[in-house]
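Bear in mind these aren't lab numbers, they're just calculated from the coordinates by the rules spelled out. Please read these numbers as outputs of a predicted model, since none were measured by experiment. A quick note on method: Cβ atoms are made from the backbone with ideal geometry, for glycine too, and the neighbour counts reach across all protein chains shown.
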Amino acid sequence: MAMGQNKYTLLSERLKQQLNDLIWNADLPDLPPWRRALIRALQITYAVVRDLGEGQLSLRAMGLVYYTVIAFIPLLALTFSVLKGLGAHNAMEPALLNLLSPLGERSVELTRTIINFVENVRVDVLSIVSLAVLLYTVLNMMQKVEASFNFIWSVSKGRNFANRISEYLFAIIASPLLIFVSVGITSYINTNVFERYLQQLSFDGFILQILGFSTAFLVMSLAFAFAYSFIPNTRVHFKSAFIGGLMTTLIWKGMGQIFQSVFTNSSSNEVIYLAFFSIILVMIFMYLGWLVLLTGSCIAYYHQNPAKTRSGQRKSQLSIEEQEISILSVVYLIIEHFQHHEEPWSARELAARLRLNPLVIDDILALLCDIDFIRPTHEDPEKYLPSGAVEDCTVMAVREQIRHFTRDTSTPGSCASRRKVQRLLKEADALLQEQMGNVRFIDLDSDTHHPSAASTRKTAE
């Protein structure tokens, strides 16, 4: 029994090692394009499955269901008003019907109920207070959506208030236009006019079906790509967003089929939930929908940031000393390249040079930007330059600046014990400042600035 278990353990470890070598230890630049693409797909799949297993995406999807329930009708009301102003409000029903198609027969009834309700909401006659509440509900939901996407993209800072209002309102206006265009394209493909035109080009019925499906698939993928590019408060490459959109559409279609067979068409579920079945069905559908959307954003994130597929969202637990050394090392490298007129460092290059988790580097760069020591360029990817003159920039000055910087505005309390420790550390810092206060970053390439051991001991005495 024990021997069999040991054999199973050894076999499992061997398979795990082989899989690890295949995914992570391959020299990608030397591989053929098809194999390189396959390994990158395996790496991204591994990273996404790992993130799903950690549960954060699931929790955020559950939270978004709550905000969706609250803001769904106000959002549809605003969308309907924009479409009505364009004379295209009839486009909402087929778009909503297509969205809710995994609900099966209930989708028709639910769509009709929602449309009738939304039609009765006249935005133009609402009071200022009612309109403000409606807009607040929608904007609050969009803020929560942005926060979830920012989490995936490791963005710690969301949009400021002014950008939030302007860009969210743009999204509210742009979304109905996308709905109108997508429904218009899909409707035209399904018309007899378009079908006859393709038949004149000798296209048979099967090719027509493939073309119609492909076009609808592409339009849906572009809609998801737009969301992945727009929502996170960071620069997202269109290629990565589009790949995320393609995969999201594929997963969405598959999820719809599975949802129909497991939930919608199962009579046993109706027995379990009885009168609440329709409500439960919609809630489960919302949850799965948000989970699919967040998963697609994960795919886009790891496609754009291949260095983070292995580490994911987890940060290395550095000691306080290592954090300080890492920050000062980043400062040194940025100044060094600037002084020698070399190409500025990107976050990815700094992470590779210092052998640190890219998420740690992102936090360091954000900190240095906050204290206005560095500034990002407008290149893609972003590179970093000093914000001011660096000739007289000393190591101790930067060290003191980062030590006293905090994003927390609260003030710690004071007591006798704290004051004693504080006084001791100030005395130690004063001694260190006396010995090393004039050492500049540009001096680190030579050893002439270091005080001798004898002088150090003399000063200490």
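Observations, loosely collected:
- 5 angstrom amide H check on Ile374, placed H, neighbours 5+ away: Cys369, Ser387
- Packing-based ranking, highest mean first, of 48-54, 158-164 given that Cβ atoms within 10 Å are counted: 48-54, 158-164
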